Amino acid sequence: MNQSNHINAQILKALIIDDETDICYLLSRLLKQKNLETAFVNSLTAANEALETEHPGIIFLDNHLPDGLGMNYIGYIKKKYPETKVVMITAHDSAIDRAMAIENGADFFIGKPFTKEIIYKAVEAVCA
């Protein structure tokens, strides 16, 4: 199995961490169209629990969650699950936020509102 196929095999599961349930449903629907298995949670506490059983290859992470900032959670994900790709997705889309997300280890950054094309671009970028 070449490395590209190996990475794609790891990214069959996606975990969405966002407190807006409609965003979770929308992302889930879009990702399923790309043959990714999806699950979603609405807080960092629930994300900790989900990560104990789910082993996603990619995480779509909102920044402003009820129990903390996703930006501060990226390091935890990267330390505990170094192979997992993190896509930061937030309504607060500034150059500072983008730089901080990448500095903290995010693999891709998406501002809200987003299009299906940008979601697909993110999936392709982190799978490459």
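Every read-out reported here was derived from the displayed coordinates using simple, explicitly stated rules and does not represent laboratory data. Every value quoted in this text rests on a predicted model; they were computed, and no experiment measured them. When we count neighbours, we look across all protein chains shown, and the Cβ atoms used for this are built from the backbone with ideal geometry, even at glycine.
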_With 10 angstrom as the radius, rank Cys24, Cys127 by how many other C-beta atoms surround their C-beta, starting from the fewest._
Cys127, Cys24
*List the extent of the Cα atoms of the stretch 23-71 along each of their three principal axes, largest first, rounded to whole Å.*
30, 22, 15
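Assuming 0.692 mPa s and 37 °C, estimate D for the chain with Stokes-Einstein, Rh taken as the Kirkwood radius over Cα pairs, in µm²/s. List each step's numbers first, then the result.
Working: Rh = 14.3 Å.
So the translational diffusion coefficient is about 229 µm²/s.
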_For the stretch 88-128, the Rg and Dmax computed from alpha carbons only, in angstrom_ = 10.1, 26
*Using a basic spin-label model with each label point 7 Å from the Cα along Cα→Cβ, how many nm lie between Asp93 and Lys116?*
1.8 nm
